[in-house]
Amino acid sequence: MLADDKKHILIVEDDLEICRLLDMFLRSKGYQVSLSNNGTDGLADIARLQPDLVVLDIMMPGLDGIEVCKQSREFYSGPIIMLTACSEEISEMSALDTGADGYLHKPLRPHILLSHIEAFLRRENRSNQNINALSHTGCLTIDTLKRLVTRNNEEIILTGAEYEMLAYLAKQAGMIVSRDECYRALKGVEFDGLDRALDMRLSSLRKKIKDDVAPYQIIKTIRCKGYLFVKQ
């Protein structure tokens with residue numbers, strides 16, 4: 001699919017066999033692949049390589065995936081997909097709360113990972129093609145050309161997923177966007193009725209734009225209908 005673009009995927013995973021299999025599989029699909037086998041090297045490689053997307057294991061000795069994700073968000077805004085062998089909800093919440101865009105459970109199915117990679121990269125491409133430069137809502141400004149969000153002229157650091165959600169809702173300002181529409185637009189797949197990633201992403205976004213106390217002033221939740229970005 002992406003043979004001409006040669007999108008660059010960085011895999012940070014301490015299991016050498018998983019690395020080998022994913023390397024072979026993703027290269028066969030036309031991707032450029034780099035590998036890191038521990039968190040410390042992975043963090044350095046994210047900064048050095050600035051890949052199009054990072055696949056990051058949570059459970060690694062030394063610097064774990066949660067800490068790598070958290071620290072990398074200071075200099076990297078691309079998509080991060082986290083891999084976890086844990087089924088506990090707290091692991092998923094920790095991953096998303098520290099800046100991950102999505103998560104997958106092990107044992108990993110390569111074709112499912114590929115679907116998520118393609119969905120996130122499509123989302124990035126759509127965002128880069130956005131021709132609307134500025135959007136204002138009161139004290140909040142969204143510069144979609146620079147992917148920059150400010151509140152009262154002070155920059156707000158968002159993850160790629162948080163930015164995409166904010167930009168998508170702002171584009172529909174004044175209109176109610178259903179959960180299904182939002183999920184489909186941001187994740188590229190149909191909502192299964194169970195995934196809580198959207199709720200956690202919205203909660204994190206509201207905290208960062210200082211709109212986390214009801215009644216919300218910027219992004220309202222309309223009961224049984226969806227979300228409303230307030231038009232001003």
Inspect all residues belonging to the range 159-171 and state whether any of them is open to solvent by less than 30 Å² (accessible area, probe 1.4 Å), within 27 Å of Leu113 (Cα to Cα), in a loop (DSSP other than H, G, I, E, B) and of a type outside the set (Gly, Ala, Ser).
yes
Out of all the residues in the range 61-77, is one or more assigned to a loop (DSSP other than H, G, I, E, B) and modelled with pLDDT of 90 or more?
yes
Of residues in the range 33-76 being open to solvent by less than 40 Å² (accessible area, probe 1.4 Å) and hydroxyl-bearing (Ser, Thr, Tyr), the one farthest from Asp14 (Cα to Cα)
Tyr76
Across the range 192-232, what is the total count of residues that are of a type in the set (S, T, N, Q) and open to solvent by less than 30 Å² (accessible area, probe 1.4 Å)?
1
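The values are calculated or read from the model by the stated rules, or taken from the named source; none is laboratory data. Quick caveat: nothing in here was measured; it's all calculated off a predicted structure. Calculation scope for accessible area: heavy atoms of the full protein, side chains included, ligands and nucleic acids excluded. Shrake-Rupley method; radii C 1.70, N 1.55, O 1.52, S 1.80 Å.
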